[in-house]
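Only one structure is covered here, and it is reproduced in the block below.
The values are calculated or read from the model by the stated rules, or taken from the named source; none is laboratory data. Source: prediction; values computed, not measured. Please note: Cβ atoms are built from the backbone with ideal geometry, for glycine as well, and neighbour counts cover all protein chains shown. Heavy atoms of the whole protein, side chains included, go into the accessibility calculation; ligands, DNA and RNA do not. Shrake-Rupley method; radii C 1.70, N 1.55, O 1.52, S 1.80 Å.
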Amino acid sequence: MPGPMFRVAVILATASATLLAAPGALGDRASGNAATIEIQRLRPGLHLLSGAGCNVVAWTGPDGAVLVDSGKAEAAPQLVESVARIAPRGVRFVVNTHWHPDHTGGNALLGQSGALVVSQENVRLRMAERQDLGEYALEVPAATAEALPVVTFDDSLVLNLNGERLELLHAPAAHTDGDGIAWWVEANVVHLGDVFHAEGYPFLDTGSGGSLAGLVAAVETVLSRADARTLIVPGHGPVSTRADLAAYRDMLVAVGRRVRELAEQGRSLEEVLAAEPTAAFDARYGAGGVSAERFVRLLFEDLSGRR
Ligand SMILES: [Zn+2]
């Protein structure tokens, strides 16, 4: 189980004009007031930092520190300050699970201090150009040089450090087209990025190449390797178990099947929404950043090719 938690109170710098236009899976707009980054020990050498916009895992040891994901740009100074408490010699590598700005926003600051950014190839391709996240009415400018991934991989990559293996596995066409799942083999800890949302419906980013089939396949891959002791870190929400991830898979499959059936019967999006295909799951997942309506609409687009 996760170890003791200690809090680092931080004050967010004045919010810049590039923040998200709407709250949701990409994180809420920083209030401009106090924010808190919590540090939670997962296993020896592995800590979860939450509060920077997404879940960040810090991996520390004699060979140096690695971060998986880097949070929102607005929280980067506080994230770096918190990381320094557990990794005083700095960060060698930053792994991005995907390109979204709430997972890559700290890259620039960490890159300026010498960290190398690692990601699946499609993450770099997207970050190198302006991206239009229409679902959130957000235009994300092309990343600066120090924020761009330096090391990229196609299917998989291994970082051998600190007497441990960190396996990075590409999950094709899942939340986006560039999702990387980070698996610490010995420690039995996995960070799924936004392939897994522990407390809400996922944001299926069809505009970035995401799909339900890929999302389910990625979750199945993790379930096939996980056991009852695996600590499963979602992109957002609390550290979870294999049983939590299996329940999430069951939800994805059940809602997807219903939306597909209705779409194949020729129903319109409005009719599919009116049928409330998520009704059995709203108690568990309906209060997250992605509404049931948005989830069903994106599923409908993905599964029917209609809008
Ligand atoms: Zn995301």
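Quick note on segment 70-191: its Rg to Rh ratio, both from C-alpha atoms and Rh being the Kirkwood radius, is 0.96.
Round to the nearest 0.05 the FRET efficiency obtained for A243 and V151 when R0 = 51 Å and r is the Cβ-Cβ distance.
Working: r = 34 Å, r/R0 = 0.67.
E(calc), rounded to 0.05, equals 0.90.
Using 0.36 nm per residue and subtracting the Cα-Cα separation, the extra length available between E199 and A280 on full extension is 27.7 nm.
Can you find, among P77, A287, A198, the residue sitting farthest towards the positive end of the charge dipole of the chain, where Lys and Arg contribute +1 and Asp and Glu -1 at Cβ? Of P77, A287, A198, it is P77. Axis angle, to the nearest 10 degrees, between helix 76-86 and the longest C-alpha principal axis of the chain: 60 degrees. Less than 5 angstrom separates the built amide H of F153 from those of S119, Q120, E121, all sequence-distant by 5 or more or on a different chain. Largest first, the extents of the alpha carbon coordinates of segment 183-262 on the three principal axes equal 43, 23, 20 Å. Rounded to the nearest whole Hz, the Karplus-based 3J(HN,Hα) values (6.51 cos²θ - 1.76 cosθ + 1.60, θ = phi - 60°) of segment 255-266 follow the sequence 5, x, 4, 5, 5, 5, 4, 5, 5, 5, 7, x, with x at glycine and proline. Largest to smallest in accessible area, the residues H236, H191 fall in the order H236, H191 (1.4 Å probe, all protein chains included).
Rounded to the nearest Hz, the phi-derived 3J(HN,Hα) couplings of segment 176-190 under the Karplus curve 6.51 cos²θ - 1.76 cosθ + 1.60 (θ = phi - 60°) are 9, 8, x, 5, x, 9, 9, 10, 8, 5, 5, 6, 6, 10, 9, where x marks glycine and proline.
Amide H contacts of L116: F93, V94, each under 5 Å away and 5 or more positions distant or on a separate chain (H built 1.01 Å from N in the peptide plane; Pro and chain starts excluded).
Taking all protein chains as shown and a probe of 1.4 angstrom, E270 keeps an accessible surface of around 120 Å². Estimated from the Cβ-Cβ distance and a Förster radius of 51 angstrom, the FRET efficiency linking R229 and S268 is about 0.65.
For segment 84-151, carbon and sulfur atoms together expose 51% of the accessible surface, with a 1.4 angstrom probe and every protein chain in place. Pairs of alpha carbons in the chain separated by more than 26 Å make up 41% of all such pairs. With just the Cα atoms defining each centre, how far is segment 41-78 from segment 235-307? Give it in Å. Using only Cα atoms, the two centres lie 30 Å from each other.
Quick one: compute the contact order of segment 70-173, relative version, from alpha carbon pairs under 8 angstrom and 6+ residues apart, as a percent.
Numbers: 161 pairs, mean separation 23.7, N = 104.
After rounding, I find 23 percent.
In terms of its Cα atoms, segment 148-221 spans 37, 28, 20 Å along the principal axes, sorted from long to short.
Here the label points at A142 and R257, each 7 Å from Cα along the C-beta direction, are separated by 4.6 nm in the simple model. Distances between placed amide hydrogens fall under 5 Å for L161 paired with L166, all partners being 5 or more residues away or on another chain. Here the 3J(HN,Hα) profile of segment 55-61, calculated from phi with Karplus coefficients 6.51, -1.76 and 1.60 at θ = phi - 60°, is 6, 10, 9, 9, 10, 10, x Hz, Gly and Pro shown as x.
Could you provide, to the nearest whole Å², the per residue accessible area of segment 59-161 with probe 1.4 Å?
Numbers: 4220 Å² over 103 residues.
Ligands and nucleic acids excluded, the result is 41 Å² per residue.
Taking the longest Cα principal axis of the chain as reference, the axis of helix 212-225 is set at about 50 degrees.
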